[in-house]
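The values are calculated or read from the model by the stated rules, or taken from the named source; none is laboratory data. Note that the structure is predicted; figures quoted are calculated from it, not measured. Here the Cβ positions follow ideal geometry from the backbone for every residue, glycine too, while neighbour counts run over all protein chains shown.
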Amino acid sequence: MNFNKDFKILSSGITYLDNCATTLKPSVVIDEINDYYTNYCANAHRGDYDLSRKVDEKISETREKVAYFINAKDSKEIIFTSGATESLNIIIKGFFGNYLKDGDEILTTKAEHASLILPWFEVAKTTNSKIKYIDLNPDLTVTLDNVKKAISKKTKVISLAHITNVIGDVRPIKEIIKYAHENNILVVIDAAQSVPHEKIDVTFLDVDFLAFSAHKMLGPTGVGVLYGKTKYLNDLKPLITGGGMNAFFDSLMNVEYKDIPEKLEPGTPNVSGIIGFSKAIDYLNALGMENVHKYEVDLKKYMISRLSKLKNVVIYNKDIPNGIITFNVNGVFAQDVAAYLNKKGICVRVGSHCAKILSEVLGVKNTCRASLYFYNTKEDVDKLVDALDNDNILYDSL
Amino acid sequence: MDVNLRKSIILEHYQNPLNKGLTNDDSYIKINMNSKTCIDNLDFEFKINHGIIEDIKFDGEACAISTSSSSIMSDLLKGKSIKQAKQIIKNYENMINELPYDKDLLGEANCYDEIYKQPNRKKCALLPYEGIKDVIDKLEGVKNDKK
Ligand SMILES: Cc1ncc(COP(=O)(O)O)c(C=O)c1O
């Protein structure tokens, strides 16, 4: 399939291989946003006239679509936020900040994104609870056995990414969640790198909380999703209060909040973003998430088959089935590799990929990461591999 | 500057940097330059007495541009007075930012005269200069406070 028609940037000569950071947006998403601003620009929650009612309808339609997309039981379990980072902060500070007690334990890993680990650091301080790290295998994967070993009587919550953004390993979250629940432990999943790339079913997983971002799955920036089970969202204390989320207040400070989802969506929402996101979901549904996943896995296999022939390249995650390839070029600092590739119009990310404590385990601080999406082609891969097949990368980067 | 000469100066200073390795001597002023926008992470030490930069050392993990730039800067500014250093830094910044500058002041640092063509590497070339500017600002701040 050729996606150049839907994604204009693809025809510009740029080889975009940084889809973990954000994906390109198809023109249907951009047009939808344009349509809102051009033809029915009104605020939400003010359905006193037709334009505004249309906005409300579009938002609740998107909420239904998201619920269906991840198989949530009820669309009120879908809270719109500004992104996975905000979703995780609301869950961790708003719920667990009040749930954890002195001496309780939080289980996570050293391969997590800053957006998950830093809110936990704060809550650990304010609640006097402790963060414990699940041991990673030598290949950096997480196993149920290691989770079991890390659990103690004090463990109250396990929190980790479904798929990490550095090497892209897939954690056995279904098994972890089942075991956690048998031991009265809640589970918070960072799904920023999994919902865009494979079918996620929150009901089947039985996950308690889950977070992801629209912009990593064809949608606009500034929109994210917080999924939580109704009973927990009801207990979640809003971090931000204001208009749109209250049912009643008076001068004596008697305040009553609305029910979820409104309780957790204070202020004017990102209307254009949410409406645009709806089209992103339609686009992915039309492709089919199984097909998206299979295509990425196959394309990575092709990339590995070519890249592993290069003597100057080390690959850290050859066998992990997804679209993420983490590598270094021998003797060349990752930043210089990226500068070199940039000269050839190839976009890859370098650094610790927001998982700064992983270097304690990985042994290298900085890597290059190419991350694929369904619109990438074998030609893109060839361009990257051909560029890396060069003994003078450092010289040519200058 | 000729493109091959430019590249060979950068490579030489990257592969055999001058003044690399810290002294951990208390008579040096220390500063860490951890680039907020990329992955460079360099430590600098400056020995400044009576308004003269007597010594500069650096160490850390960084790309070819910021490592070579640190090496060249350490060589260029060593032995200079703060006043001379400020003038060199100003001209260097002007070169990076495509403003008029005096290339006679910059010695080997002229090898970055076309770095503007790779805008996301400008910050690498500037990193060590940001470090010494911070140190000079602090020193002069202290002096002004005393007045
Ligand atoms: C695993 C993971 N978690 C969380 C985030 C944060 O997402 P956002 O910046 O959209 O809030 C990212 C984005 O890079 C990610 O890769």
* Structure fact -> residue A:92 vs (1) hydrophobic (A, V, I, L, M, F, W, C); (2) surrounded by 23 or more Cβ atoms within 10 Å (Cβ to Cβ); (3) more than 15 Å from the ligand (Cβ to nearest atom): all pass except (3)
* Is it fair to say residue B:101 is within 14 Å of chain A (Cβ to nearest Cβ) and at pLDDT 95 or above? -> no
* **Residues located in segment A:255-282, provided they are among the hydroxyl-bearing types (Ser, Thr, Tyr) and either free of Cβ contacts under 8 Å to residues at least 40 places away in the same chain or not assigned by TED's automatic domain parsing to the domain that holds residue A:77 (or both)** => A:257
* Residues of segment B:35-88 being away from chain A (no Cβ under 14 Å), buried (at least 17 other Cβ atoms within 10 Å of the Cβ) and assigned to a helix (DSSP H, G or I), which ones? -> B:71, B:73, B:74, B:75, B:76, B:77, B:82, B:85, B:88
* **Filter result (under 18 Å from residue A:323 (Cα atoms) and touching a helix residue (DSSP H, G or I) at 6+ places or on another chain (Cβ under 7 Å)) within segment A:6-44** => A:15, A:16, A:17, A:22, A:23, A:24
* To do: Could you list all residues from segment A:319-342 that are surrounded by fewer than 23 Cβ atoms within 10 Å (Cβ to Cβ), under 13 Å from residue A:166 (Cβ atoms) and within 14 Å of chain B (Cβ to nearest Cβ)?
  => A:328
* Please work out if residue A:81 is at pLDDT 95 or above, within 15 Å of the ligand (Cβ to nearest atom) and either over 20 Å from the mean Cα position of the chain (by Cα) or surrounded by 23 or more Cβ atoms within 10 Å (Cβ to Cβ) (or both). => yes
* Which strands (runs of 3 or more DSSP E) does segment A:184-236 wholly contain that include 1 or more residues that are of a type in the set (S, T, N, Q) and within 10 Å of the ligand (Cβ to nearest atom)? -> A:209-213
* Structure fact -> In the set B:62, B:85, B:109, the lone residue that is closer than 15 Å to residue B:14 by Cα, among the hydrophobic types (A, V, I, L, M, F, W, C) and modelled with pLDDT of 95 or more is B:109
* Structure fact -> Counted residues in segment A:12-51 being closer than 19 Å to residue A:62 by Cα and assigned to a helix (DSSP H, G or I) come to 14
* Restrict the check to segment A:96-109 and report whether at least one residue is more than 16 Å from the ligand (Cβ to nearest atom) and among the aromatic types (Phe, Trp, Tyr). => yes
* Considering only segment A:369-398, state which residues are outside any loop (DSSP other than H, G, I, E, B), within 14 Å of chain B (Cβ to nearest Cβ) and closer than 19 Å to residue A:311 by Cβ. => A:393, A:394, A:395, A:396, A:397
* Does residue B:112 satisfy the criteria of being within 14 Å of another protein chain (Cβ to nearest Cβ) and aromatic (Phe, Trp, Tyr)? -> yes
* Does segment A:240-252 include one or more residues that are more than 16 Å from the ligand (Cβ to nearest atom), of a type in the set (Phe, Trp, Tyr) and at pLDDT 95 or above? -> no
* Selection within segment B:127-147 - more than 14 Å from every other protein chain (Cβ to nearest Cβ) and under 19 Å from residue B:57 (Cβ atoms) -> B:128, B:129, B:130, B:131, B:132, B:133, B:134, B:135, B:136, B:138, B:139
